Amino acid sequence: MLFLAMWTGDIMFENTYELIVFILNFIGIYDPIYNVFEMFGLEYLLRIIIVLAEIAALFVFILLTVMFLTWMERKVVAMVQARYGPMVTGPRGLLQPVMDGVKLIGKEDIIPAKADRWVFTLAPFLIFIPALLVFIPLPFGESLIISDLNVGLLYIIAISAISPIAILMAGWASNNKYSLMGAIRAVAQDISYTIPLALAAISVVLLTGSLSTVDIVTAQSGTWFGFIPKWFIFLQPLGFILFLIASIAEMGRIPFDFQESESELVAGFFTEYSGMKFAMFFLAEYAHLFSVSAIVVTLFLGGWSVPFLSSIPATFAVLIPIISLAAFVIKTYVIIFFAMWLRDTVPRMRIDQLLNIGWKIMIPLALLNLLATAILLTAGVF
Amino acid sequence: MTWISKDWAMGGIIKGLIVTLKHVFRVGNRPTVTVQYPYEKMPVHPRFRGLHAIDEDACIGCGICEVNCPNSTITIVKHNTRWYPQVNMGMCLFCGICVDVCPMNAMKMTGNYELADYSRESLIYGPDRLLFKKEVN
Ligand code: SF4
Ligand code: SF4
């Protein structure tokens, strides 16, 4: 009965937990397992185990994505520069990230003599964990979401705000002038660009009236006049551009990579790190790239919604989670490709130019965008 | 009013983005120019100055190359009853003067540039590694 309902697309799941329970039920092993746990009065343990399995799957997905992204980054740079890029390890160098990981694990873990040992060790974890936590309220596909928080967007912005602290900790604890300079720059940059980022996001929230990422995505499904997808990029072109620029600045990628400007500050705030701790900074950087691109897609490019999905025959409704996941991943990779492409094209800005653009152009424009959205919304245009 | 004349549409960046995109998708004549080095080598120019080679029959052991070498790279050593130059590749600057001054045209330079080695001693190329015999035809 349930299966039939799923087949015709009548029931929707709120999050992945319910989807997993449904699948287990469908195979017919949920009840036996549940009974075993109930015998010991430990039903909550089953729930915890399922949630942990979800988190593990998310973790593996993110790590694989990050490994693929490092490879993709090198390939895109190589293509722009008329080179080959990694070619030897695996087919077209696809296993190169694995070898890099093995190399980094095998390296000596050096802590400088005058470093603040505790803070120095804590910083890589503090930057890595928020980079993963951001994914919790992100919908990867229809009902593929760990938890649909009703303050999802606020949660994402708040969690991303932890990373400047970790960067400052790393820079301060290294006891190295380059690290400290890089950390101070990174914090200045993050603080100035979070404001236009949040303001551009608020315009979207005005349109949907909800902070929940699922609501934002649902509001973007469907089309206008049958051919323009109802994505917020068409309602908020200025907001989209501001959000994109601000998020590239948040990621610290090339036109704005002051935290690790190689030609000025050796490697910025992680100059002193080696081995596994360096790998964590590296992973966090690419996890951040993926998460920020995913947020751009969720807010402005319709998230997992495929504009013409409703016209798909009902017999394929069971495939909706898979189709939506594919749509989400493709859109995210388009944004990631844009970030890499921009990185290969433009040189680094100067720090005063960065702050000028942030405070004198981006924030006024973001406020203007917010005002225009509010006026048009009150006038009932949207 | 300087802000009016500024390129607010960021035309320069967009132009650059288009150029790099053409490279990514290989639009027009934009091939990959590098080669997969250890497996595939670039052709070497005919007058490339690499490792030396000495014609075993032509060299008379006169020592003119030794005298003219700006880095004192060459020493004349005995090898099977005759005297031949020995070249310390760690000091050679590949100027080619030794080739130019040789009165017998015995000194040549080959296209071999893979000269990295594990010790300083193995960089000293004695006559046993430098001599070649011209085929008589
Ligand atoms: S290589 Fe030429 S210059 Fe040098 S010793 Fe032989 S003949 Fe003389
Ligand atoms: S190439 Fe120049 S430096 Fe090298 S052996 Fe000949 S003369 Fe000396």
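The values are calculated or read from the model by the stated rules, or taken from the named source; none is laboratory data. Because the structure is a prediction, the values reported are computed rather than measured. Cβ placement follows ideal geometry from the backbone for every residue including glycine, while neighbour counts extend to all protein chains displayed. With ligands, DNA and RNA removed, areas are computed over all heavy atoms of the protein, side chains included. Shrake-Rupley method; radii C 1.70, N 1.55, O 1.52, S 1.80 Å.
Just a few scattered comments:
- Candidate set from the stretch B:37-71 (those that are assigned to a loop (DSSP other than H, G, I, E, B) and within 8 Å of ligand 2 (Cβ to nearest atom)); member that is most open to solvent (accessible area, probe 1.4 Å): B:ARG49
- Selection of the stretch B:101-120 for residues being modelled with pLDDT of 90 or more, of a type outside the set (A, V, I, L, M) and either part of a helix (DSSP H, G or I) or within 13 Å of the chain's Cα centre (by Cα) (or both) yields an empty set.
- Residue check, B:THR75 hydroxyl-bearing (Ser, Thr, Tyr), more than 9 Å from ligand 1 (Cβ to nearest atom) and farther than 30 Å from A:ARG343 by Cβ: yes
- All conditions in (1) on the phi < 0 side of the Ramachandran plot; (2) at pLDDT 85 or above; (3) more than 10 Å from chain A (Cβ to nearest Cβ) hold for B:GLY63, with the sole exception of (1).
- Screening the stretch B:1-36 for residues that are polar (S, T, N, Q) and open to solvent by 60 Å² or more (accessible area, probe 1.4 Å) and picking the one that is farthest from the other protein chains (Cβ to nearest Cβ) gives B:SER5.
- Residues that are modelled with pLDDT of 85 or more, near ligand 2 (Cβ under 10 Å from one of its atoms), within 15 Å of B:TYR125 (Cβ to Cβ) and open to solvent by 70 Å² or more (accessible area, probe 1.4 Å) are absent from the stretch B:74-89 altogether.
- Every pair of residues 6+ apart whose Cβ atoms lie under 8 Å, when the first sits in the stretch A:330-349 and is within 11 Å of chain B (Cβ to nearest Cβ) and touching a residue at least 60 places away in the same chain (Cβ under 8 Å) while the second is among the hydroxyl-bearing types (Ser, Thr, Tyr) and crowded, with 17+ Cβ neighbours inside 10 Å: A:TRP341/B:THR20; A:ASP344/B:THR20; A:THR345/B:THR20
- When we screen B:MET104, B:MET109 for residues that are under 23 Å from B:PRO38 (Cα atoms) and within 13 Å of ligand 1 (Cβ to nearest atom), the only hit is B:MET109.
- Some residue of the stretch A:56-70 being hydroxyl-bearing (Ser, Thr, Tyr), more than 14 Å from chain B (Cβ to nearest Cβ) and more than 25 Å from the chain's Cα centre (by Cα): no
- Of all the numbered requirements in (1) surrounded by fewer than 24 Cβ atoms within 10 Å (Cβ to Cβ); (2) within 30 Å of A:LYS114 (Cα to Cα); (3) touching a Gly at 6+ places or on another chain (Cβ under 9 Å), A:TRP172 misses one, and that requirement is (3).
- Filter result for B:ASN112 (within 14 Å of ligand 2 (Cβ to nearest atom), touching a residue at least 60 places away in the same chain (Cβ under 8 Å) and either surrounded by fewer than 14 Cβ atoms within 10 Å (Cβ to Cβ) or small (Gly, Ala, Ser) (or both)): yes
- Residue in the stretch A:87-101 that is farthest from A:THR70 (Cα to Cα), counting only those that are within 13 Å of another protein chain (Cβ to nearest Cβ) and open to solvent by 80 Å² or more (accessible area, probe 1.4 Å): A:VAL88
- Meets criteria (in contact (Cβ under 8 Å) with a residue 60 or more places away in the chain and open to solvent by less than 60 Å² (accessible area, probe 1.4 Å)) for A:VAL119: no
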